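Okay, so here's the structure we're looking at.
Derivation of every value follows stated rules applied to the coordinates shown; laboratory data play no part. Since this is a predicted model, take the numbers as computed values, not measurements. Here the Cβ positions follow ideal geometry from the backbone for every residue, glycine too, while neighbour counts run over all protein chains shown.
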Amino acid sequence: MLAKLPPVTKALLIANVGMFLLQSLLGIDRFYPLMLWPMDLGTPAAFAGGAWSFQPWQLLTYGFLHGGLAHLLFNMLALVMFGAQLEYTWGDRRFLMFFLTCVLGAGLVQLVVGTLSVSGGGGAYPTLGASGGVFGLLLAYGMLFPNQRVMLLIPPIPMKARTLVIVFGVISLLLGVTGTAAGIAHFAHLGGMLFGWLLIRYWRGQPPFGRKRPPPGRHF
């Protein structure tokens with residue numbers, strides 16, 4: 001199956017698995033500088049003990065780290081399921097641009113949410129994982145192939161891709177607003193979807209952007 005994957009999807013898969021193996025071998029603490037930390041706005045209690053604070057490179061590097069094997073497997077399965085088809089449709093350069101934009105957008109949203117939490121008296125915790133980029137891919141798949149049937153893993157329920165996007169988006173919003181399922185960056189998921197939606201609208205020349213642009217590919 002790996003040999004049949006398009007090049008960017010394969011490279012992202014290898015990069016994420018490779019980084020996870022390094023985390024396992026060297027210890028997770030070696031990778032703190034690559035995780036996405038909130039900004040330090042003068043709240044020493046939250047950043048006590050020499051903890052890291054935000055650095056610009058973290059907006060991309062956090063997306064190649066994972067907190068556990070299940071976290072990695074879920075994201076990589078989604079990358080293969082949705083990313084490969086999108087890369088075949090868009091081409092490798094446009095697909096890579098889209099994925100990294102979603103990772104960056106998710107990081108920006110999470111940075112704002114995390115920093116506001118710290119300024120309000122919460123602790124400084126890092127964010128890691130490719131979920132923001134993966135949720136962007138899910139959104140794109142639902143927009144390009146809305147009637148394609150997909151199957152949830154848990155529970156195993158078939159549904160249209162468009163429905164799956166709506167369900168995941170609503171769940172992430174509700175969990176993020178209510179603070180349920182702590183330890184999961186729900187707003188980062190929404191940020192990945194938002195920036196992915198904006199980029200597709202930009203490519204299509206749809207509001208809030210300007211005049212109609214030529215589609216990037218014949219299937220787009």
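Filter segment 18-31 down to residues that are surrounded by 14 or more Cβ atoms within 10 Å (Cβ to Cβ) and either within 19 Å of the chain's Cα centre (by Cα) or not in a helix (DSSP H, G or I) (or both), then give me how many there are.
Result for segment 18-31: 3.
Do the conditions hold for residue 112, that is, is it in contact (Cβ under 8 Å) with a residue 12 or more places away in the chain and out of contact with any Asp or Glu (no Cβ under 8 Å at 6 or more places or on another chain)?
no
Would you confirm, using the coordinates I've provided, whether residue 41 is in contact (Cβ under 8 Å) with a residue 12 or more places away in the chain, outside any loop (DSSP other than H, G, I, E, B), among the aliphatic types (A, V, I, L, M) and touching a helix residue (DSSP H, G or I) at 6+ places or on another chain (Cβ under 9 Å)? Quick ask: steps written out before the conclusion?
Details: in contact (Cβ under 8 Å) with a residue 12 or more places away in the chain: yes; outside any loop (DSSP other than H, G, I, E, B): no; among the aliphatic types (A, V, I, L, M): yes; touching a helix residue (DSSP H, G or I) at 6+ places or on another chain (Cβ under 9 Å): yes.
For residue 41, the condition - in contact (Cβ under 8 Å) with a residue 12 or more places away in the chain, outside any loop (DSSP other than H, G, I, E, B), among the aliphatic types (A, V, I, L, M) and touching a helix residue (DSSP H, G or I) at 6+ places or on another chain (Cβ under 9 Å) - is not met.
Test residue 136 against the criterion of being farther than 21 Å from residue 31 by Cβ and outside any helix (DSSP H, G or I), and give yes or no.
Criteria not met by residue 136.
Within the group 122, 136, 142, which residue is within 15 Å of the chain's Cα centre (by Cα) and not charged (D, E, K, R)?
136
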